[in-house]
Amino acid sequence: MTKPTLLISCLFLSACGVAEQPDWAKTVVAYGIEAPARKDRSDLIDILSRVARVQGHHVDSASDQDLAQVYHLTINACAWKGEGDDETLACAMDFQERPGLVYLTFDKGSDPGLNARFRDAVVAQLTERFGPLREIPRMPNGSLPLARELVVDGKDYAVSDETLRR
């Protein structure tokens with residue numbers, strides 16, 4: 001490889017990397033909701049949709065067929081600000097490793113007050129339907145733990161001791 005080619009390659013590679021997540025897209029809180037039955041998950045999506053509609057937003061959710069064939073999940077739905085799909089307010093999904101434990105995440109948003117009003121309304125209705133919601137903790141790097149790493153610890157979820165020892 002010639003020096004100019006090597007230099008260009010190095011410059012190109014140095015420009016590659018992990019993109020910083022915009023502040024408005026960061027998760028402010030995540031809840032774990034046990035929703036083992038289709039009716040539970042349907043109710044959760046209905047609550048998200050109802051609150052979104054009342055506040056001028058919308059929800060997109062995957063069909064049962066897509067969930068089973070493509071995603072291998074039992075729920076995948078997001079509430080979007082306004083009519084477009086430019087900014088998420090919240091997302092609900094479970095994972096193949098623990099179907100039925102729905103992660104419900106809420107984003108900070110470009111208008112944190114708007115997002116907080118949406119979150120408060122959703123949490124109030126979900127609490128009425130499912131009982132007190134359990135918060136999912138953050139890992140030291142800020143990410144959410146895997147579903148298999150969670151244990152119930154009082155009123156919230158905690159990361160298992162086994163995971164913390166790794």
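Looking only at residues in the range 95-119 that are of a type in the set (D, E, K, R) and within 15 Å of residue 151 (Cα to Cα), the one that is modelled with the highest pLDDT is 98.
For the range 106-122, a residue qualifies if it is of a type outside the set (Phe, Trp, Tyr) and buried (at least 19 other Cβ atoms within 10 Å of the Cβ), and the qualifying residues are 107, 109, 115, 119, 122. Checking each residue in the range 120-151 for being modelled with pLDDT of 95 or more and part of a helix (DSSP H, G or I) picks out 120, 121, 122, 123, 124, 125, 126, 127, 128, 129, 130.
Residues of the range 134-166 that are surrounded by 17 or more Cβ atoms within 10 Å (Cβ to Cβ) and touching an Asp or Glu at 6+ places or on another chain (Cβ under 9 Å): 134, 136, 147, 149, 157, 159. Determine whether residue 150 is under 18 Å from residue 33 (Cα atoms) and either of a type in the set (Val, Ile, Thr) or within 15 Å of the chain's Cα centre (by Cα) (or both). Here the answer is no, as residue 150 does not meet what is asked. Residues that are of a type in the set (A, V, I, L, M, F, W, C) and either out of contact with any Phe, Trp or Tyr (no Cβ under 9 Å at 6 or more places or on another chain) or assigned to a helix (DSSP H, G or I) (or both) within the range 45-59 comprise 45, 47, 48, 51, 52, 54, listed in sequence order.
The values are calculated or read from the model by the stated rules, or taken from the named source; none is laboratory data. Remember, it's a predicted structure, so these values are computed and weren't measured experimentally. Note that we place each Cβ from the backbone using ideal geometry, even for glycine, and neighbour counts take in every protein chain shown.
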